[in-house]
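Heads up, the thing below is written out as structure tokens.
Just so you know, all these numbers are worked out from the coordinates, no wet-lab data involved. As the structure is a prediction and not an experimental result, all values here were calculated from the model. Cβ placement follows ideal geometry from the backbone for every residue including glycine, while neighbour counts extend to all protein chains displayed.
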There are 2 protein chains.
Amino acid sequence: MSGPAAPRRPRRHDPGRRDRLIDAALTVIAERGVAGTTHREIARVADVPLGSVTYHFASLEEVLREAFTRHAEAAAQVFDRRLSAVRDRDAAVEAVISLVAEDLLGSQDDLVLAVELYVAAARNPVLRAVTQAWMQRSRRALERHFDPTTARQLDALIEGLVLHSALSTDPMTPGQIRQAIERYLR
Amino acid sequence: MSGPAAPRRPRRHDPGRRDRLIDAALTVIAERGVAGTTHREIARVADVPLGSVTYHFASLEEVLREAFTRHAEAAAQVFDRRLSAVRDRDAAVEAVISLVAEDLLGSQDDLVLAVELYVAAARNPVLRAVTQAWMQRSRRALERHFDPTTARQLDALIEGLVLHSALSTDPMTPGQIRQAIERYLR
DNA sequence: GGGGAATGTGTACATCCGTACACATAATAT
DNA sequence: ATATTATGTGTACGGATGTACACATTCCCC
């Protein structure tokens with residue numbers, strides 16, 4: 001150990017601190033869950049004093065709302081972009097498959113955040129609105145290539161595949177994902 | 001108002017109190033979520049003093065584990081019973097459809113408990129084991145009538161349909177549930 | 001029926017949380 | 001340059017929570 005380790009917190013007046021706090025909140029939610037998300041934990045992760053969080057946000061709910069909104073926005077955007085880049089239905093099917101396979105094998109955090117949002121939405125009207133906006137947007141993206149009924153059912157199937165796989169001991173392989181989706185779409 | 005309303009808590013020495021506490025815990029989880037589940041709230045719902053909860057359970061986690069285990073057991077049993085009562089595949093499909101439609105239109109609590117269990121399982125190894133046992137059991141039930149791959153994918157589809165419908169503004173109709181399942185099973 | 005074990009109860013305590021708020025510092029307008 | 005505002009910081013407080021524990025009551029076996 002080398003001395004008392006300077007506390008060193010000279011980072012006064014940085015713009016964009018609010019943004020960093022939202023990112024820190026998402027990190028905390030993914031790591032400890034909504035239940036473990038506190039002002040103090042967010043401040044610790046963002047390396048700012050406690051008072052800074054209460055200054056930038058009127059309440060914890062406001063932090064959660066902004067964090068989940070940002071996450072949903074980003075996720076929906078990925079969905080949108082991939083599906084708007086293809087023209088025919090076959091390519092759309094491939095896009096959906098690779099999307100799911102990547103979301104699955106990719107960031108585990110994304111799934112955790114989704115589930116955390118679901119349970120939070122079950123009791124918080126504001127977060128429920130965020131969830132519904134997210135769902136609606138991904139459905140709209142699917143409706144570029146599939147009829148509304150198919151889009152909705154396909155959305156549900158995707159959700160189930162991701163959730164089921166993430167909680168299972170042996171995750172589904174990309175091949176199984178492909179098979180399930182193709183079997184539904186025929 | 002008629003008087004000071006007798007506090008009246010003469011219920012000393014009732015066997016099965018532990019069971020009632022587990023039921024009370026499930027009620028609390030469904031109403032307030034895992035995050036809102038505390039010793040005191042469980043005691044309040046079960047109408048017993050605080051000390052009684054800490055006497056019967058070593059920790060809050062033990063209460064949650066027992067509660068979720070009981071719920072998963074009951075849910076899996078329903079699944080089992082319905083699917084073991086039919087013989088041919090067509091009847092099995094109908095059983096699955098009515099199962100989902102009833103779980104959907106029926107107890108909203110069941111869905112909430114499922115989602116709460118999912119998020120709790122994401123961070124608690126003990127609860128993850130409970131979840132996996134539950135999943136395995138429902139898969140086994142499906143495997144009575146479908147091959148393993150189909151059973152797993154169908155399980156995921158069911159999960160997605162239920163979850164998606166419950167969080168949406170306009171829930172899916174039984175007809176839409178039927179269509180989605182039939183479309184997957186062809 | 002007596003004594004030890006099991007079960008039940010009330011209180012107390014250390015800890016953590018959200019939030020409030022007084023004060024400090026930097027940015028900006030005049 | 002000065003005044004006004006925006007931003008940042010540290011501390012404090014009331015409330016809730018998990019758990020420990022001393023004491024009461026009932027059960028059960030002899």
ask   = Most mobile of B:D155, B:D23, B:D90 per a Gaussian network model of chain B (Cα springs, under 10 Å)?
value = B:D90
Between helix B:148-167 and chain B: long-axis angle, C-alpha atoms, 0 to 90°, nearest 10 = 60
remark   = Dipole check, the protein assembly as shown, charges on Cβ (K,R +1; D,E -1), about Cα centroid: among B:L21, A:V96, B:A74 the Cα furthest to the positive pole belongs to B:L21
query = Say R0 is 30 Å: what FRET efficiency, to the nearest 0.05, do B:R144 and B:E62 get from their beta-carbon distance?
reply = 0.35
ask   = Per residue of B:28-40, how many C-beta atoms from partner chains lie within 10 Å of its own C-beta, taken as a mean?
value = 2
key: Folded to 0 to 90 degrees: helix A:17-32 orientation relative to chain A principal axis, Cα   = 70
Principal-axis tilt of helix B:89-105 within chain B, Cα atoms, nearest 10 degrees = 40
request  = Show that you can apply the helix-only estimate: for chain A, add -39,500 (n - 2.57) for every DSSP H stretch of four or more residues, divide by all residues, and state [θ] at 222 nm to the nearest 500.
outcome  = -24000 deg cm²/dmol
key: Residue among A:R17, A:R123, A:R82 with the largest mean-square fluctuation in a Gaussian network model of chain A, springs linking Cα atoms under 10 Å   = A:R123
ask   = Taking the simple approach of a point 7 Å from Cα along Cα-to-Cβ for both B:A91 and B:H13, what is their distance in nm?
value = 5.2
request  = Report the extension gain between B:Q108 and B:Q179 in nm, rounded to one decimal, defined as 0.36 nm multiplied by the number of residues separating them, less their alpha carbon distance.
outcome  = 23.4 nm
task = Over the range A:64-185, calculate the relative contact order: mean separation of alpha carbon pairs under 8 Å at least 6 apart, over the residue count, as a percent.
result = 32
key: Shielding of B:103-109 by partner chains, average beta-carbon count, 10 Å   = 0
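With charges only on Cβ, +1 for K and R and -1 for D and E, what is the dipole size of the protein assembly as shown about its Cα centre, in debye, rounded to 20?
Details: 52 positive and 50 negative charges, 171 e Å.
Result for the protein assembly as shown is approximately 820 debye, rounded to the nearest 20.
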Selected from A:V119, A:V96, A:V63 as most flexible by GNM, with chain A as the system and alpha-carbon contacts under 10 Å = A:V119
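Hey, with R₀ at 25 Å, roughly what FRET efficiency would B:D23 and A:T169 work out to, going by the Cβ-Cβ distance, to 0.05?
Computed FRET efficiency for B:D23 and A:T169 comes out at 0.25.
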query = Length gain on complete extension for the stretch A:Q136 to A:T38, per 0.36 nm per residue less the alpha carbon to alpha carbon distance?
reply = 32.3 nm
